[in-house]
Every structure is written in structure tokens, then in C-alpha cells.
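Only one structure is covered here, and it is reproduced in the block below.
The values are calculated or read from the model by the stated rules, or taken from the named source; none is laboratory data. What you see is a predicted model; the values in this text were computed from it and never measured. Cβ atoms come from the backbone with ideal geometry, glycine included; neighbour counts cover every protein chain shown.
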Amino acid sequence: MVTSDELLKTLETWDDLMDFRISLIACGGTAMTLLGIKESTKDVDCIVPIPKQYGKLLRFLKRMGYHESEKVNGWEHPEDPSFVFQFWPGNRVFTTGLLDSPLEKGKHILIKRYRHIYLGALNLIDLIITKMFRGTSTDLEDCVMIFRIGEVSPDDLCQRYSETASYDVNPSRMMQHLTSLLEELSSRQLVNEHFLERVRSCR
């Protein structure tokens, strides 16, 4: 498991050795860890929104001694095989295509600006969407944790989730994932009836 401090220290080392600029937008559990919602993350997941920077990053990792992991679709270093990086070029995260570049204003939260690395975290609504589109039990629990901090607008979530689902190959299945989240939030009394009705309206 990787903590926020461990990740930031590693990126600081990378930054000292880089000769190019790159923007990284943390997603999944990595974003939650950097935002203080989770204590640690299993793998490090980041979007590389500018595709031409993706190739530079992979060449850099190889020079640093990283190799493709045999366990997951990611990169690891022989001196620390438990620290696995996964990178998603462009506007795609896991199985989800984002509606906009995560570099746009309001689509990410700035974490730290290094000399070469710009590090952000995916905004909470898109973070929920990308997790619920994948829809594992862990993703569901993570989204409950995100809701606990009370910074998600029902109206914005409805609009964004519905629009993103409309571009999926199976929109109805994606909307069912949202229903599952609603039911879980309701069972834990984390949302009131007013909230539930507003979110259900996007179905």
C-alpha cells in the first residue's frame, strides 16, 4: 500500500531527474489518498491528459529501471515491486471515457506543482463516475467514502453522470450502477430524501 507522503516523495525524485514537463492527474484510489479521503492506495493510477507526454513518460520510466508488471497492467521497479504505477493517456480512466480533459478548469484539484511535474487529482464527481462505471464492491465503498466528506452536488452529479453514461456502450447498465450507489447511501443514512429524489431524477 502506498501513502500520500510516499507517492509525493517518489514524484519529487522523478522531478529532479526529468528534462521535460508533464501533467499527471491522479484518479481512483490514488486521488482519494492524495485528497486525504483514504490513508493509502494499492496501486498508483494517474491520467496523462496530454498524449505526447505519455510516450516521454514511458521512456523516462525505462531509463529509471522500471519495467512492465506481470501482475497488473502497470509499471514497477525491481527494488520496490509493491509500488505499481498505472497511466491512462488522454481522457480515459479504467473503462471510462471522460467528457472533457481533466486539465480543464474545475475538472481537477491541484495537489502540487513541481519544477517539471504538475500533479492534480480528478474532481470528485468524475472520480465517482469513473469508479461507479467500473462498479466493483471496492469502488462502491470508495464512493461512499467520497460522499461522507459532503462536497458533492446532487444536481451536478446527475447531469454529469447521465451525460457520461450516454456515451457508454451500455448506458442502462451504467445507470444501474448509480442506483446501487443510491441504495447503499440510503441504507447507511448518508443522504436524505431530498437528495435521493434529486439524484433519481437523472435516471
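List of remarks:
- Selected residue [under 15 Å from the mean Cα position of the chain (by Cα), modelled with pLDDT under 95, in the same structural domain as Gly28 (by TED's automatic domain parsing) and not in a helix (DSSP H, G or I)] from Leu110, Leu103, Leu99: Leu99
- Yes/no for Glu151 being loosely packed, with under 12 Cβ neighbours inside 10 Å, among the acidic types (Asp, Glu) and either under 22 Å from Pro51 (Cβ atoms) or out of contact with any Pro (no Cβ under 6 Å at 6 or more places or on another chain) (or both): yes
- Per this entry, Ile149 is not counted among residues that are at pLDDT 90 or above and touching a helix residue (DSSP H, G or I) at 6+ places or on another chain (Cβ under 9 Å).
- Test: residue in the range 105-117 that is touching a Ser or Thr at 6+ places or on another chain (Cβ under 7 Å) and either hydroxyl-bearing (Ser, Thr, Tyr) or more than 30 Å from Leu17 (Cβ to Cβ) (or both): no
- Of all residues in the range 35-46, exactly one satisfies the criterion of being surrounded by 23 or more Cβ atoms within 10 Å (Cβ to Cβ) and either more than 8 Å from the chain's Cα centre (by Cα) or in the same structural domain as Glu151 (by TED's automatic domain parsing) (or both), namely Val44.
- Every condition in (1) more than 24 Å from Phe20 (Cβ to Cβ); (2) exposed (fewer than 12 other Cβ atoms within 10 Å of the Cβ); (3) in the same structural domain as Trp14 (by TED's automatic domain parsing); (4) touching a residue at least 40 places away in the same chain (Cβ under 8 Å) is met by Arg188 except one, and the failing one is (3).
- Considered as a group, the residues in the range 64-84 that are among the acidic types (Asp, Glu) and part of a loop (DSSP other than H, G, I, E, B) include one that is farthest from Leu7 (Cα to Cα), and that residue is Glu70.
- Whether a residue is touching a Phe, Trp or Tyr at 6+ places or on another chain (Cβ under 8 Å), touching a residue at least 40 places away in the same chain (Cβ under 8 Å) and not in a strand (DSSP E or B) was assessed, and Met132 passes this test.
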